[in-house]
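The values are calculated or read from the model by the stated rules, or taken from the named source; none is laboratory data. If you're wondering where the values come from, they're calculated on a predicted model, not measured in any experiment. Cβ: placed from backbone, ideal geometry, glycine included. Neighbour counts: every protein chain shown. Protein only, heavy atoms only, side chains kept; ligands, DNA and RNA dropped before computing areas. Shrake-Rupley method; radii C 1.70, N 1.55, O 1.52, S 1.80 Å.
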Amino acid sequence: MVSDPRLVLVLGDQLSPDIAALRQADKARDVVVMAEVASETGYVPHHPKKIALIFAAMRHFAQELESEGWTVRYTRLDDPDTAGSIPGELLRRAEETGAGKVLATEPGEWRLIEALRDCPLEVSLLEDDRFFAPHAAFEHWAEGRKELRMEYFYRQMRRKTGYLMQGDKPVGGKWNYDQQNRKRAEPDLFRSAPMQFTPDETTQEVLTLVGDRFGRNFGDLDGFRFAVTRGQARRALAHFVTHQLAGFGDIQDAMLRGDPYLNHSLLSAYMNIGLLSPREVCDAVQAAWEAGDVPLNSAEGYIRQILGWREYVRGIYFLEGPDYPRRNALNHRRALPPVYWGAETQMTCMAEAVGQTKTEAYAHHIQRLMVTGNFALLAGLNPAEVHEWYLSVYIDAFEWVEAPNTVGMSQFADGGVIASKPYVSSGNYISKMSDYCDGCAYDVKTKQGKGACPFNLLYWAFLDRQRDRFAENHRMGTIYATWDRMEAEKRETILSEAAAFLDRMSAGETI
Ligand code: FAD
Ligand code: DLZ
Ligand code: SF4
């Protein structure tokens, strides 16, 4: 006797053939549910390219499942019968098929986990095991530690997985080669860019739908060239390893006008939606290093981002609980200014980082951390608004990975769970690591007065404002000593110019 079917939920960022819910399901009996729904497209104003990537990859994945013999009930966004939400679609499909039970892989966002827990159907939530560190392993590592620093977690992960290890020692004798990864980049017309793919008919249909429905969201849909299948994403990985990885380490932190990718891989979105597994990415990097094709500083730098940072931020998100994205340890209240939505600005660094975010739905780590993130923190912007912005505008943004990076690493709004000190800098850092300051209307060398770089003013104003919290931090003592050594009059001028700049910004004037 054939038993009742169960519904197998596959979300837009769970597009892996071996995802837990599919592994537990029975092809002959169960029904896969996939749904493009307004509740997911509307919780923040996603960049149109992000919605297009997710829908195009969902539709291709559904076609693959069907060709492998699965029964798939797929809801398109414009389906007149849609219930408009994930739980709503499960209820509708349960009624249609007579299914009473749901197999689901744990979503990467508390909001959706709670929605599934509240769903009146019987939902089995299976752990998402596409990661190196299961929840229990991270909790075990975190237990009893006073500080949860990524570097120690990363070393444990290296030992556990054996990546770049010689017995129990890191290859080359050091765990971390970041010292070598801070070079400036020079313009290079022959630098390889990430691989691009011409949209097929399925993707074209999605692009038309997204253009019609989300054309007013911040971000350009034109020039959509992302991989939308697992096969394409694997080609993008191979291309990165062959053409870009060797040079990745050296200029990992550099920024260059008109070169949005440098040697960055653009693989985050593919990993985050399930087209690539982090293991196959790390395996490919390890193999390239073993073959002598790439230097150790590049291989280690890249593996650390995935095995270390990516796993670590996920661990923090689930460890800290649903209130994490709303934390505001520094009590920052200023509204996000229009410059984040593309308003004209004379600050070249902000214009570059926000401009390429608008066109590509992409900015690399240092642009996110040390330009837009640094500015938000120095300006005292409300971290909840900053979080919403990052969750909206990047192609790879899902809350489990975005919130710890934004709220924790970038805005210090978690009070130091992730970062031991705030990631703030004056214009000097941006000038050292980029060509943005050349030709900027502001002068990075001017600390106060006419033309002073806003980062220079806001940097000291931030430190002064947050003295109670940071003056005792042993890594910040010398900075406060420098501030205190300045003449009182100079300090006052800097503070009043910083305040005037922020007032102008909040009044909507061009900054
Ligand atoms: P590469 O430079 O080629 O790095 C390789 C891979 O390492 C990435 O693909 C990514 O999977 C991983 N990685 C690197 N740094 C991190 C990190 N800090 N946390 C997690 N994974 C990391 N990453 C996201 O995937 N989604 C986000 O929503 C996101 N939001 C961010 C917000 C802020 C404020 C900051 C500072 C960082 C954020 N990051 C986020 C981390 C990082 O910036 C991106 O992973 C990276 O820029 C993606 O581009 P890439 O694939 O070219 O990366
Ligand atoms: C981000 C996103 C968007 C824009 N749309 C959908 C959708 O229509 N259907 C779907 O299943 N998933 C979508 N997603 C991804 C979810 O928002 C994601 O699964 C949760 O945020 C958990 O990470
Ligand atoms: Fe940015 Fe200041 Fe440099 Fe202009 S001078 S690009 S505002 S850091």
> Among the helices (runs of 4 or more DSSP H) confined wholly to segment 268-333, which include 1 or more residues that are of a type in the set (Asp, Glu) and touching a residue at least 40 places away in the same chain (Cβ under 8 Å)?
Replying inline: 278-290, 296-303, 311-320
> Can you name every residue in segment 382-391 that is surrounded by fewer than 23 Cβ atoms within 10 Å (Cβ to Cβ) and either more than 16 Å from ligand 2 (Cβ to nearest atom) or not assigned by TED's automatic domain parsing to the domain that holds Leu463 (or both)?
Replying inline: Asn382, Ala384, Glu385
>> Condition (residue is assigned by TED's automatic domain parsing to the domain that holds Gln305, at pLDDT 95 or above, more than 27 Å from Leu245 (Cβ to Cβ) and open to solvent by less than 80 Å² (accessible area, probe 1.4 Å)) applied to segment 183-198: is it met by at least one residue?
In response: no
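Rundown of residues vs (1) under 24 Å from Gly355 (Cα atoms); (2) open to solvent by less than 10 Å² (accessible area, probe 1.4 Å); (3) within 16 Å of ligand 2 (Cβ to nearest atom), yes/no style:
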{"residue": "His239", "(1), (2), (3)": "no, no, no"}
{"residue": "Tyr261", "(1), (2), (3)": "yes, no, no"}
{"residue": "Cys282", "(1), (2), (3)": "no, yes, no"}
{"residue": "Ala291", "(1), (2), (3)": "no, no, no"}
{"residue": "Glu300", "(1), (2), (3)": "no, yes, no"}
{"residue": "Tyr312", "(1), (2), (3)": "no, yes, no"}
>> With the requirement that a residue be part of a loop (DSSP other than H, G, I, E, B) and more than 8 Å from the chain's Cα centre (by Cα), what does segment 359-394 give you?
In response: Ala361, Tyr362, Ala363, His364, Gly380, Asn382
> Of (1) within 16 Å of ligand 2 (Cβ to nearest atom); (2) open to solvent by 10 Å² or more (accessible area, probe 1.4 Å), Val206 satisfies all except one. Which?
Replying inline: (2)
> For segment 355-385, what are the residues that are of a type in the set (A, V, I, L, M, F, W, C) and away from ligand 3 (no atom under 12 Å from the Cβ)?
Replying inline: Ala361, Ala363, Ile366, Leu369, Ala376, Leu377, Ala379, Leu381, Ala384
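So is Ala62 of a type in the set (A, V, I, L, M), touching an Asp or Glu at 6+ places or on another chain (Cβ under 9 Å) and within 12 Å of ligand 2 (Cβ to nearest atom) or not? Break it down stepwise before answering.
Values: of a type in the set (A, V, I, L, M): yes; touching an Asp or Glu at 6+ places or on another chain (Cβ under 9 Å): no; within 12 Å of ligand 2 (Cβ to nearest atom): yes.
No.
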> Among (1) within 16 Å of ligand 1 (Cβ to nearest atom); (2) under 30 Å from Val44 (Cβ atoms); (3) part of a loop (DSSP other than H, G, I, E, B), where does Arg191 come up short?
Replying inline: (2)
>> Val401 - would you say it is farther than 21 Å from Phe470 by Cβ, open to solvent by 10 Å² or more (accessible area, probe 1.4 Å), within 16 Å of ligand 1 (Cβ to nearest atom) and assigned by TED's automatic domain parsing to the domain that holds Met370?
In response: yes
> Do the conditions hold for Thr208, that is, is it assigned to a helix (DSSP H, G or I) and among the polar types (S, T, N, Q)?
Replying inline: yes
> So Pro325 clears everything in (1) within 16 Å of ligand 3 (Cβ to nearest atom); (2) in contact with a helix residue (DSSP H, G or I) (Cβ under 7 Å, 6 or more places away or on another chain) except one condition, right? Which one?
Replying inline: (1)
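Please work out if Ala419 is more than 10 Å from ligand 1 (Cβ to nearest atom), surrounded by fewer than 20 Cβ atoms within 10 Å (Cβ to Cβ), of a type in the set (A, V, I, L, M, F, W, C) and in contact (Cβ under 8 Å) with a residue 24 or more places away in the chain.
The answer is no for Ala419.
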>> Taking the condition of being of a type in the set (A, V, I, L, M) and open to solvent by 40 Å² or more (accessible area, probe 1.4 Å), how many residues in segment 96-106 meet it?
In response: 0
> Taking segment 109-127 as the search range and keeping residues that are assigned to a loop (DSSP other than H, G, I, E, B) and closer than 20 Å to Thr97 by Cβ, which one is least open to solvent (accessible area, probe 1.4 Å)?
Replying inline: Cys119
> If you go through segment 348-366, how many residues are small (Gly, Ala, Ser) and surrounded by fewer than 22 Cβ atoms within 10 Å (Cβ to Cβ)?
Replying inline: 2
>> Among the numbered criteria (1) under 25 Å from Ala361 (Cα atoms); (2) within 16 Å of ligand 2 (Cβ to nearest atom); (3) open to solvent by 10 Å² or more (accessible area, probe 1.4 Å), which one does Gly274 miss?
In response: (3)
